[in-house]
Amino acid sequence: MSNKEVAKKYGVPMNTLSTWIKNKTKLLTSLEKNGTNSKRKKLRSGNFKNVDKAIYTWFVAKRSQQVPIDGTILKEKALKFAEALGELDFKAFDCWFHNWKKRNGISFKIISAESAAVTNNVTASWNETTLPTLLLNYKLENIFNADEFGLFYQCLPNKTYHLS
């Protein structure tokens, strides 16, 4: 089937079809990365590709460790990466941040599971060694779970960025 026939069959202009064919590898890579649910209409990569890649790699590593991350942290880290990479013109403006999130399919969601915050290996050793030593100094009626009283409720963030 010729390009002209394909364009006619799918109702797209010939120049659009030519652009799709020319950018086939970019389009397929984007499709693999973002899936078919992406609302993106353009495949712009941004002006600071090295900074974008560095902050994305750092972000994925930190989220795999269940570290909550907000926009301020990401912008500060991006500025440090830009400085280290010699990108002196880089500014972590809100528009850059918004576009970076869109390009990488990142959204802001509520943290809902306490169990994901800490691994069992970390808590097991603490429960077996440190906790019993601390509890020796207190009477049983003076021991309670501070989490249930909400003493630390406002200290930790309740939202973080996630890969969509």
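The values are calculated or read from the model by the stated rules, or taken from the named source; none is laboratory data. Predicted model, so just to flag it, every value in this text is computed and none were measured. Remember, those area values only see protein heavy atoms, side chains included, never the ligands or the DNA or RNA. Shrake-Rupley method; radii C 1.70, N 1.55, O 1.52, S 1.80 Å.
What ranking of Ile110, Ile21, Ile69, Ile143 comes out by heavy-atom accessible area, probe 1.4 Å, highest first?
Working: Ile110 110, Ile21 90, Ile69 0, Ile143 70 Å².
Descending order: Ile110, Ile21, Ile143, Ile69.
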Pairs Lys80/Lys159; Lys22/Lys159; Lys4/Lys53; Lys22/Lys109; Lys9/Lys109: which are spaced more than 32 Å apart, C-alpha to C-alpha? Lys22/Lys159; Lys4/Lys53; Lys22/Lys109; Lys9/Lys109
To the nearest 10 square angstrom, what accessible area does Lys101 show with a 1.4 Å probe? 40 Å²
Using only the Cα atoms of region 65-104, build the gyration tensor, take square roots of its eigenvalues as a ≥ b ≥ c, and label the shape rounded, prolate or oblate: rounded if a/c is under 1.5, else prolate if a/b is larger than b/c, else oblate. oblate
